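The values are calculated or read from the model by the stated rules, or taken from the named source; none is laboratory data. These numbers were taken from a predicted model, which means no experiment stands behind them. So basically every Cβ, Gly included, is an ideal-geometry build from the backbone, and we count neighbours across all protein chains shown.
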Amino acid sequence: MRRIIIGADGGATSTKLVAADDSGNILGYSVCGDINYNYTSIEQSRLNLKTGIDLFLEQLGLVDYNHLSIGHSSLSEKATGEELLRFCGDVFDPKKVLMTSDVHAALYGAAPLCPGVMVVSGTGTMCVARDMGNRTLTAGGWGFLLGDEGSSYYVAWQGMLCAIHHFEERGGYTAITEKLLEYFGITDIRALIDWLYSPACDFKHIAGFAKDVIQCARDGDAVADDIVTRTINTLIETSSYLIRAMDITDGVIGIYGGFFKHNPDVVDRFSKEMGYRHPSFKVGFPEFAPEIGAVIYFLLQDGRLTDTVLRNLRETM
């Protein structure tokens, strides 16, 4: 009798779902609300996932699933027993749930059976490495209160600071200042204070300003280019640190998240430097999406991941 596995890539903005059987056949995909309980209540996170899975099962014509494997953006490593029970509450059966960091799940999508490094840079950022002994090491993921270096939030935050410095003549001219006024819908830069300290302030909306900073860099703005360069260098140095610390000599360097996905020039700059520093590594987007990475993670933990299962995943995804 086949077993049904739900894989979830739970981000801070939305959660991507996939259903597969234990032979590696993909049955379908869906999307539901975010489940990051660092930025919303754990009750709401749990409800978002439960509602999404119920609708997904109905869409697939299924009554239930056997296992739920979650890559969770609230975590930096595999969930402890206490963390698992806290998230499941009285809604999910903890015996059916496996939960780890979303970055770990993404790494299994990039390097299912070999050593690798996963570099995620979107609204937030985190990096993780895994060696042949299945040991892992995590870096980054400090959250927006500490600047979240290497993320879109960091690009936006630095852009805002540079615009303020320009306004107060403590820094050089930058086109970011005008873009800042347009993005937040204000005519006086000091009106930014009221917005930032109001209940309506949302770190995800702040992170969205990164695209304007990046465009200013493309248009030749030196201040903006310095911000983007520092952000890319942070990701390069963090990845290189993990490779050295884990003593990995070859493998995969996977990249994921909006900072990479929406900016081919960023991908090019990151890939060239990492290729120069670590020529024995393959750099690129994961072969399998992170939600499938969550399924792979379960299958590996369950001792069911084989070349045949991976082939089925490739052929049906």
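A Cβ distance below 8 Å, combined with a sequence gap of six or more or placement on separate chains, defines the contacts here; from region 202-218, residues that are within 16 Å of R269 (Cβ to Cβ) reach residues that are at pLDDT 95 or above and surrounded by fewer than 18 Cβ atoms within 10 Å (Cβ to Cβ) in the pairs A217/D225; R218/D265. Checked against (1) of a type in the set (V, I, T); (2) within 14 Å of A20 (Cβ to Cβ); (3) assigned to a loop (DSSP other than H, G, I, E, B), I248 passes all but condition (2). Those residues that are acidic (D, E) and either more than 13 Å from I6 (Cα to Cα) or surrounded by 15 or more Cβ atoms within 10 Å (Cβ to Cβ) (or both), I need them from region 59-94; list them, please. Those that are acidic (D, E) and either more than 13 Å from I6 (Cα to Cα) or surrounded by 15 or more Cβ atoms within 10 Å (Cβ to Cβ) (or both): E77, E82, E83, D90, D93. Within region 153-166, does at least one residue satisfy the condition of being closer than 20 Å to R244 by Cα and outside the structural domain of V309 (by TED's automatic domain parsing)? No; the residues of region 153-166 include none that is closer than 20 Å to R244 by Cα and outside the structural domain of V309 (by TED's automatic domain parsing). Given the structure, is Q215 polar (S, T, N, Q), buried (at least 22 other Cβ atoms within 10 Å of the Cβ) and in the same structural domain as R244 (by TED's automatic domain parsing)? For Q215, the condition - polar (S, T, N, Q), buried (at least 22 other Cβ atoms within 10 Å of the Cβ) and in the same structural domain as R244 (by TED's automatic domain parsing) - is not met.
Taken over region 216-227, residues that are farther than 15 Å from D148 by Cβ and assigned to a helix (DSSP H, G or I) amount to 8. The C-beta contact set for region 230-247 (first residue in contact (Cβ under 8 Å) with a residue 12 or more places away in the chain and closer than 13 Å to G140 by Cβ, second residue part of a helix (DSSP H, G or I) and among the small types (G, A, S), distance under 9 angstrom, 6+ apart or interchain) comprises T231/S152; T231/A210. For region 112-148, the tally of residues that are out of contact with any strand residue (DSSP E or B) (no Cβ under 7 Å at 6 or more places or on another chain), part of a loop (DSSP other than H, G, I, E, B) and not aromatic (F, W, Y) stands at 12. Restricted to region 10-49, and to residues there that are at pLDDT 90 or above and out of contact with any strand residue (DSSP E or B) (no Cβ under 9 Å at 6 or more places or on another chain), the residue that is surrounded by the most Cβ atoms within 10 Å (Cβ to Cβ) is G24. If you go through region 90-111 and keep only what is in contact (Cβ under 8 Å) with a residue 60 or more places away in the chain and part of a helix (DSSP H, G or I), you end up with D102, H104, A105, A106, L107, Y108, G109, A110.
Which members of region 147-188 meet the condition of being of a type in the set (A, V, I, L, M) and either touching an Asp or Glu at 6+ places or on another chain (Cβ under 7 Å) or modelled with pLDDT of 95 or more (or both)? Within region 147-188, V155, A156, M160, L161, A163, I164, A175, I176, L180, L181 meet the criteria. Can you find, within region 263-301, the residue that is surrounded by the fewest Cβ atoms within 10 Å (Cβ to Cβ) among those that are over 27 Å from D212 (Cα atoms), in contact (Cβ under 8 Å) with a residue 24 or more places away in the chain and over 20 Å from the mean Cα position of the chain (by Cα)? Of everything passing the filter in region 263-301, S280 is surrounded by the fewest Cβ atoms within 10 Å (Cβ to Cβ).
Taking the criterion of being of a type in the set (S, T, Y) and buried (at least 18 other Cβ atoms within 10 Å of the Cβ), the residues of region 222-241 that qualify are T231, T234, T238, S239. If only residues of region 66-89 that are part of a helix (DSSP H, G or I) and charged (D, E, K, R) are counted, the one that is nearest to I53 (Cα to Cα) is R86.
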